[in-house]
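*Asks:* I have a structure here, written as structure tokens, and I will follow up with some questions on it.
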């Protein structure tokens, strides 16, 4: 596999068939010096960086304001738009340097069209791919402290250059003493200790942005609680390992879907070791052509995998961007390609009540029963008190547009993506309408899959591929 750094997670994890090697006997590791991350974990560094960002944004705003009296109206509007774009970019860059809760807050906000304006959401979405890597000495110290032995005893080889860096961890290629190639996901060492201070700062930022008009009026406490719970889950690599294993079992009958095997002997709450194989990103047209793999075959595998996860299992990998989906580079890939799913930190289990309400909502949509659909929204707390009339008008307009397209099941992939954009505008422009985060993540995941399908093969009919699992979901009691 080529050793080039890319700003995404691994270039290929795979399900290993061999048993995990025995863990080495614990020996004293080299812990991080006390106070090494004091400035970061105490909140001093984040406050300083955020203050510097705010000062730069304010100075930029002052320059725009001073130039305004001497400019035409259209020039003023263009400068104001450019200032908002620069400000969002500055904020995204600052959050990226801080990693952890701050990157996750930006990513979380990018998934909330009911809260954040579209321009800001677009800038924040870049945080998924633009996190700088951590120095190797800190990676070494974390691995040794977590696994209880020097790096040289734990691994026959450990590549100091990461395969990729993300919001809470970075991934390194390595080799176990028995010769197995693995990928090691290492959490940034200060995150757990810094979490209380980071969450307090994020809560303060949310309140400040709301007062300044940067966010739509919503239930801030509910939004923050959803974010904090999601972040705590993602920092627990033992939970991620269990989720990956469960999704692997759920998809075991699909021979063309690969989920990484967890190497338990070399994993902990902050270090996660998985099997590694060379693979080609599913968006790499040249790579797929080299393997002789037809893009449509890849689309069909991914669509069926997600249809089963979402509609049958209720537990799904919720981050299907091209940096997390690969085709394994192996003999026979042209005739029978295998698609690799990696990074299960962002996964979601839809609870029974939400699945029941989702099923009722789909039945109401198919029956064009507006009252039943709105009643379900009310039960899920999606309509603020006093907002019933405006929400009804907005949803009724959406119902009419879907009916004009031949009904929900008659929509093609391109039209569904257009409706997704329309739904985002509806969420932002309708006061009193807010969605549970799990439902938004569910919708976002499906939208990502449809967009990916259109990118790989515009002629592929993902609705047709997902329909059997969708009908089984609708028929369930």
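*Asks:* Scan region 113-132 and tell me whether some residue there is modelled with pLDDT of 90 or more and either assigned to a helix (DSSP H, G or I) or closer than 30 Å to residue 442 by Cα (or both). First the steps, then the outcome.
*Replies:* Here is the first cut: in region 113-132, the ones modelled with pLDDT of 90 or more are none.
No, the conditions are met nowhere in region 113-132.
*Asks:* Considering only residues of region 419-440 that are at negative phi and touching a strand residue (DSSP E or B) at 6+ places or on another chain (Cβ under 7 Å), which is modelled with the lowest pLDDT?
*Replies:* Here is the first cut: in region 419-440, the residues at negative phi are 419-431, 433-440.
Then keep just the ones that are touching a strand residue (DSSP E or B) at 6+ places or on another chain (Cβ under 7 Å); that gives 427, 433, 438.
On the way: 427: 67, 433: 79, 438: 82.
The residue in question is 427.
*Asks:* Go through region 261-278 and count every residue that is assigned to a loop (DSSP other than H, G, I, E, B) and farther than 20 Å from residue 298 by Cβ. Reasoning before the result, please.
*Replies:* From region 261-278, those assigned to a loop (DSSP other than H, G, I, E, B) are 261, 263, 267-270, 277-278; that's our starting set.
Then drop every residue that is not farther than 20 Å from residue 298 by Cβ, which leaves 261, 263, 267-270.
Residues flagged as assigned to a loop (DSSP other than H, G, I, E, B) and farther than 20 Å from residue 298 by Cβ within region 261-278 amount to 6.
*Asks:* Of all residues in region 345-354 being over 13 Å from the mean Cα position of the chain (by Cα) and within 17 Å of residue 444 (Cβ to Cβ), which is surrounded by the fewest Cβ atoms within 10 Å (Cβ to Cβ)? Spell out the reasoning first.
*Replies:* First, the residues of region 345-354 that are over 13 Å from the mean Cα position of the chain (by Cα): 349-354.
The next check asks that each one be within 17 Å of residue 444 (Cβ to Cβ); those that pass are 349-350, 354.
Numbers: 349: 15, 350: 21, 354: 17.
Filtering first and then ranking leaves 349.
*Asks:* Okay, moving on. Within region 281-292, how many residues turn out to be buried (at least 23 other Cβ atoms within 10 Å of the Cβ) and modelled with pLDDT of 95 or more?
*Replies:* Going through region 281-292, the residues buried (at least 23 other Cβ atoms within 10 Å of the Cβ) turn out to be 282.
Those still in the list that are modelled with pLDDT of 95 or more too: none.
Going through region 281-292 one residue at a time, the tally reaches 0.
*Asks:* Can I ask one more? In region 450-466, which residue that is in a helix (DSSP H, G or I) and in contact (Cβ under 8 Å) with a residue 60 or more places away in the chain is surrounded by the fewest Cβ atoms within 10 Å (Cβ to Cβ)? Outline the logic, then answer.
*Replies:* Going residue by residue through region 450-466, those that are in a helix (DSSP H, G or I) are 450-456, 462-466.
From what is left, the residues that are in contact (Cβ under 8 Å) with a residue 60 or more places away in the chain are 452-453, 455-456, 462, 465-466.
Details: 452: 22, 453: 27, 455: 14, 456: 20, 462: 24, 465: 19, 466: 22.
Only one residue tops the list, namely 455.
*Asks:* Among the residues of region 251-260, is there at least one that is part of a helix (DSSP H, G or I) and touching a residue at least 40 places away in the same chain (Cβ under 8 Å)? Talk me through it step by step, then tell me what you get.
*Replies:* We begin by selecting, within region 251-260, every residue part of a helix (DSSP H, G or I); these are none.
No, the conditions are met nowhere in region 251-260.
*Asks:* Would you point out which residue out of 92, 52, 88, 77 is part of a helix (DSSP H, G or I) and either out of contact with any helix residue (DSSP H, G or I) (no Cβ under 9 Å at 6 or more places or on another chain) or farther than 26 Å from residue 227 by Cβ (or both)? Reasoning before the result, please.
*Replies:* Numbers: 92 fails: either out of contact with any helix residue (DSSP H, G or I) (no Cβ under 9 Å at 6 or more places or on another chain) or farther than 26 Å from residue 227 by Cβ (or both); 52 fails: either out of contact with any helix residue (DSSP H, G or I) (no Cβ under 9 Å at 6 or more places or on another chain) or farther than 26 Å from residue 227 by Cβ (or both); 88 fails: either out of contact with any helix residue (DSSP H, G or I) (no Cβ under 9 Å at 6 or more places or on another chain) or farther than 26 Å from residue 227 by Cβ (or both).
The conditions single out 77.
*Asks:* Further question on the same structure: Go through region 439-453 residue by residue and tally those that are touching a helix residue (DSSP H, G or I) at 6+ places or on another chain (Cβ under 6 Å) and more than 12 Å from residue 283 (Cβ to Cβ).
*Replies:* Number of matching residues: 3.
*Asks:* Name the residue, out of 387, 403, 393, that is buried (at least 16 other Cβ atoms within 10 Å of the Cβ) and out of contact with any helix residue (DSSP H, G or I) (no Cβ under 9 Å at 6 or more places or on another chain). Working first, answer last.
*Replies:* Values: 403 fails: buried (at least 16 other Cβ atoms within 10 Å of the Cβ); 393 fails: buried (at least 16 other Cβ atoms within 10 Å of the Cβ).
Result of the check over 387, 403, 393: 387.
*Asks:* I've got another one for you. Give the residue, chosen from 29, 22, that is touching a helix residue (DSSP H, G or I) at 6+ places or on another chain (Cβ under 7 Å), loosely packed, with under 11 Cβ neighbours inside 10 Å and either assigned to a loop (DSSP other than H, G, I, E, B) or at pLDDT below 50 (or both).
*Replies:* On the way: 29 fails: loosely packed, with under 11 Cβ neighbours inside 10 Å.
Being touching a helix residue (DSSP H, G or I) at 6+ places or on another chain (Cβ under 7 Å), loosely packed, with under 11 Cβ neighbours inside 10 Å and either assigned to a loop (DSSP other than H, G, I, E, B) or at pLDDT below 50 (or both) holds for just one of 29, 22, which is 22.
*Asks:* Something else about it: Return the residues of region 239-280 that are under 18 Å from residue 324 (Cβ atoms) and surrounded by fewer than 16 Cβ atoms within 10 Å (Cβ to Cβ); say none if nothing qualifies. Working first, answer last.
*Replies:* Narrowing region 239-280 to residues under 18 Å from residue 324 (Cβ atoms): 239-241, 243-248, 250-251, 254, 256-262, 272-280.
Matches in region 239-280: 254, 278.
*Asks:* Additional query: Could you check region 133-239 for helices (runs of 4 or more DSSP H) lying wholly inside it with 3 or more residues that are out of contact with any strand residue (DSSP E or B) (no Cβ under 8 Å at 6 or more places or on another chain) and modelled with pLDDT under 90?
*Replies:* It comes to 191-211, 220-234.
*Asks:* Within region 346-404, considering only helices (runs of 4 or more DSSP H) that don't extend past its boundaries, which have at least 2 residues that are over 30 Å from residue 325 (Cα atoms) and at pLDDT below 90?
*Replies:* Details: elements: 352-367, 370-379, 388-404.
Per the criteria, 352-367, 388-404.
*Asks:* Evaluate region 328-335: report whether one residue or more is closer than 28 Å to residue 234 by Cα and modelled with pLDDT of 90 or more. Full working, then the answer.
*Replies:* First pass over region 328-335, keeping only residues closer than 28 Å to residue 234 by Cα: 328.
Checking the rest, the ones that are also modelled with pLDDT of 90 or more come to 328.
Yes.
The values are calculated or read from the model by the stated rules, or taken from the named source; none is laboratory data. Predicted model, so just to flag it, every value in this text is computed and none were measured. So basically every Cβ, Gly included, is an ideal-geometry build from the backbone, and we count neighbours across all protein chains shown.
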